[in-house]
1. Which members of region 309-335 meet the condition of being under 21 Å from Val128 (Cα atoms) and either free of Cβ contacts under 8 Å to residues at least 60 places away in the same chain or buried (at least 21 other Cβ atoms within 10 Å of the Cβ) (or both)?
2. May I ask you to verify whether Gly422 is over 30 Å from Asp180 (Cα atoms), modelled with pLDDT under 95 and among the small types (Gly, Ala, Ser)?
3. Against the definition (more than 46 Å from the chain's Cα centre (by Cα) and surrounded by 19 or more Cβ atoms within 10 Å (Cβ to Cβ)), how does Ala393 come out, yes or no?
4. Quick one: in region 1-27, which of the residues that are among the polar types (S, T, N, Q) and surrounded by fewer than 16 Cβ atoms within 10 Å (Cβ to Cβ) is modelled with the lowest pLDDT?
5. With the condition kept exactly as written, say whether any residue in region 206-221 is within 16 Å of the ligand (Cβ to nearest atom) and crowded, with 18+ Cβ neighbours inside 10 Å.
6. Given the structure, is Thr231 surrounded by fewer than 23 Cβ atoms within 10 Å (Cβ to Cβ), among the β-branched types (Val, Ile, Thr) and more than 24 Å from the chain's Cα centre (by Cα)?
7. Could you tell me whether any residue of region 303-311 is closer than 24 Å to Asp229 by Cα, among the β-branched types (Val, Ile, Thr) and either within 12 Å of the ligand (Cβ to nearest atom) or over 21 Å from the mean Cα position of the chain (by Cα) (or both)?
Amino acid sequence: MSGEKMWGARFSEELDERFAEFQDSLRHDLSLAFADLDTNLAWSEALADAGVISEQDLDRVAQTIEDVSEAWHRDGLPTSDAEDVHSLVEQHLVAELGDLGRRLHTGRSRNDQVATDMRLHLRQWVGVLIESVEGLCMTLVEKAEQHSADPMPGYTHLQRAQPVTIGHHCLAYVEMLSRDRTRLIDALARFDSCPLGSGALAGAAFPVDRDALAAQLEFQNGPTRNSLDATASRDYVCEVAFACAMVTNNLSRLAEDYVFFASHEAQFLSFGDPVSTGSSLMPQKRNPDAVELIRGRAALIQGALQATLSLVKSQPLGYNRDLQHDKEALLPAVEATNQCLLVAATAVEHAAFDVERCAAQAARGYLNATDLADLLVHAGVPFRDAHAQAGAAVNRAVALGVELQDLPLEAQRELLPQLSEGLAESLSLEAVLARRDVVGGAAPARVRAEVERWRVQLAEWAEGYHELDDLTAPEDPDHDLQNDDLPAAEPRLGDPEDP
Ligand code: ARG
């Protein structure tokens with residue numbers, strides 16, 4: 001379908017071909033098509049309410065929008081020579097409705113339209129991302145439960161430091177992801193207000209009911225309160241980009257850990273066939289490409305954050321065409337973030353830990369040296385001296401090629417005179433782990449308790465985002481939100497179709 005430019009009246013020459021192609025945004029904003037249909041419907045209601053079109057006209061518009069939406073859901077989005085998604089939707093409405101379709105842009109601008117479309121679209125994507133974060137958390141909690149008491153070496157500086165459990169390692173990522181989840185909810189709460197009715201920059205000149213518009217489009221915080229800000233600000237784009245960059249940054253750490261764990265050097269886990277690839281040359285290879293690609297995608301998503309920040313930096317108020325690029329930067333990053341979350345869950349699922357080897361490795365390399373110092377503290381030695389004594393004992397053990405608990409009695413008497421009994425039991429892996437019995441500690445009992453706590457939390461998440469209740473606490477009594485009004489965990493508006 002083709003049509004006139006929306007803005008052609010003052011122009012007699014055609015656009016330069018190269019520039020026409022350059023300014024075209026349809027390939028980047030076509031995904032806003034369903035959001036744009038929603039804003040068109042809401043705007044038509046506002047126009048009917050303001051007496052610009054009749055109630056019968058509104059019925060015709062509503063029916064047409066429903067038909068177009070149905071057709072696009074069924075047959076896929078159309079191709080078009082329209083310069084952007086707003087022109088595309090208008091072309092379709094004018095084709096069906098004639099003059100009535102040509103009335104719908106009354107009082108509105110693509111500036112308030114695109115700001116509204118983008119918020120609607122992102123609201124859905126944020127819902128999708130939250131669900132995917134929750135899904136990955138669930139997978140990690142299950143893995144943690146399975147391995148709550150299975151020891152593995154814990155690292156600092158990538159040097160063996162103290163034993164932890166595999167479950168404890170899993171739950172560390174659940175903590176990070178739960179903060180990422182909150183960040184997404186928090187970002188949503190800040191952009192959950194309706195720009196429609198802001199016009200190009202100064203506000204609509206028709207008496208549209210903006211509260212009704214916001215309610216119709218299910219924005220929880222009512223209409224935006226300044227038309228310049230509403231049409232020209234994209235801080236929410238940056239915030240969503242940051243939330244994506246942060247979550248994938250965290251995933252890149254999980255990916256890196258698992259790449260190492262799967263290495264021949266560590267051999268802590270092996271990835272199943274569904275998430276491994278081979279080499280075209282080296283027949284023996286099994287490569288952890290799934291997590292490597294997550295690690296790599298994180299770089300691109302970080303780039304999107306930089307792009308969105310740079311895009312808005314120093315832009316004068318109000319709207320500038322540069323802003324068109326926000327979609328090109330952010331939307332692929334949002335989609336990639338979601339893919340990373342889904343693939344990470346699959347990779348974790350297919351990561352089989354070698355619990356015997358992990359335990360054996362946790363028992364080697366003096367990961368219990370701190371505990372030896374602690375035993376001396378219990379025997380009355382000041383920690384600083386205990387640290388020095390334990391260090392000397394490690395040196396001796398290294399020289400003799402034994403673990404601390406296997407130091408010959410003689411060496412123990414010489415270096416650790418304050419300790420009478422044998423060390424085998426008190427320095428065993430089980431004892432060392434069990435001692436980490438504080439909130440947040442690696443003791444198996446604590447890890448099990450955390451698994452339980454997370455199970456309750458996950459069940460609560462599955463019921464809906466309660467946190468939004470606080471984050472969007474209404475200041476204006478006119479917008480008294482009820483819990484029931486808050487968005488469900490599912491994406492609400494039918495699109496994105498294939499997130
Ligand atoms: N495609 C533009 C964007 O995404 C919206 C159109 C606004 N165009 C304009 N000339 N004011 O920001």
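The values are calculated or read from the model by the stated rules, or taken from the named source; none is laboratory data. Because the structure is predicted, anything quoted here is derived from the model rather than measured. Here the Cβ positions follow ideal geometry from the backbone for every residue, glycine too, while neighbour counts run over all protein chains shown.
1. Scanning region 309-335 gives Asp326, Lys327, Ala329, Leu330, Leu331, Pro332, Ala333, Val334.
2. Numbers: over 30 Å from Asp180 (Cα atoms): yes; modelled with pLDDT under 95: yes; among the small types (Gly, Ala, Ser): yes.
For Gly422, the condition - over 30 Å from Asp180 (Cα atoms), modelled with pLDDT under 95 and among the small types (Gly, Ala, Ser) - is met.
3. On the way: more than 46 Å from the chain's Cα centre (by Cα): yes; surrounded by 19 or more Cβ atoms within 10 Å (Cβ to Cβ): yes.
Considered against the rule, which asks whether it is more than 46 Å from the chain's Cα centre (by Cα) and surrounded by 19 or more Cβ atoms within 10 Å (Cβ to Cβ), Ala393 comes out as yes.
4. Taking region 1-27 as the starting set, the residues that turn out to be among the polar types (S, T, N, Q) are 2, 12, 23, 25.
When the remaining residues are screened for being surrounded by fewer than 16 Cβ atoms within 10 Å (Cβ to Cβ), the result is 2, 12, 23.
Values: Ser2: 49, Ser12: 80, Gln23: 94.
So the residue we want is Ser2.
5. At the first step, the residues of region 206-221 found to be within 16 Å of the ligand (Cβ to nearest atom) are none.
No, the conditions are met nowhere in region 206-221.
6. On the way: surrounded by fewer than 23 Cβ atoms within 10 Å (Cβ to Cβ): no; among the β-branched types (Val, Ile, Thr): yes; more than 24 Å from the chain's Cα centre (by Cα): yes.
For Thr231, the condition - surrounded by fewer than 23 Cβ atoms within 10 Å (Cβ to Cβ), among the β-branched types (Val, Ile, Thr) and more than 24 Å from the chain's Cα centre (by Cα) - is not met.
7. Of region 303-311, the ones closer than 24 Å to Asp229 by Cα are 304-311.
When the remaining residues are screened for being among the β-branched types (Val, Ile, Thr), the result is 308.
Next, from what is left, pick out any that are either within 12 Å of the ligand (Cβ to nearest atom) or over 21 Å from the mean Cα position of the chain (by Cα) (or both): none.
No; the residues of region 303-311 include none that is closer than 24 Å to Asp229 by Cα, among the β-branched types (Val, Ile, Thr) and either within 12 Å of the ligand (Cβ to nearest atom) or over 21 Å from the mean Cα position of the chain (by Cα) (or both).
Results for (1) more than 30 Å from Met118 (Cβ to Cβ); (2) surrounded by 18 or more Cβ atoms within 10 Å (Cβ to Cβ); (3) within 16 Å of the ligand (Cβ to nearest atom), shown as yes or no for each residue.
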| residue | (1), (2), (3) |
| --- | --- |
| Gln339 | no, no, no |
| Leu342 | no, no, no |
| Phe353 | yes, yes, no |
| Cys358 | yes, yes, no |
| Val398 | yes, no, no |
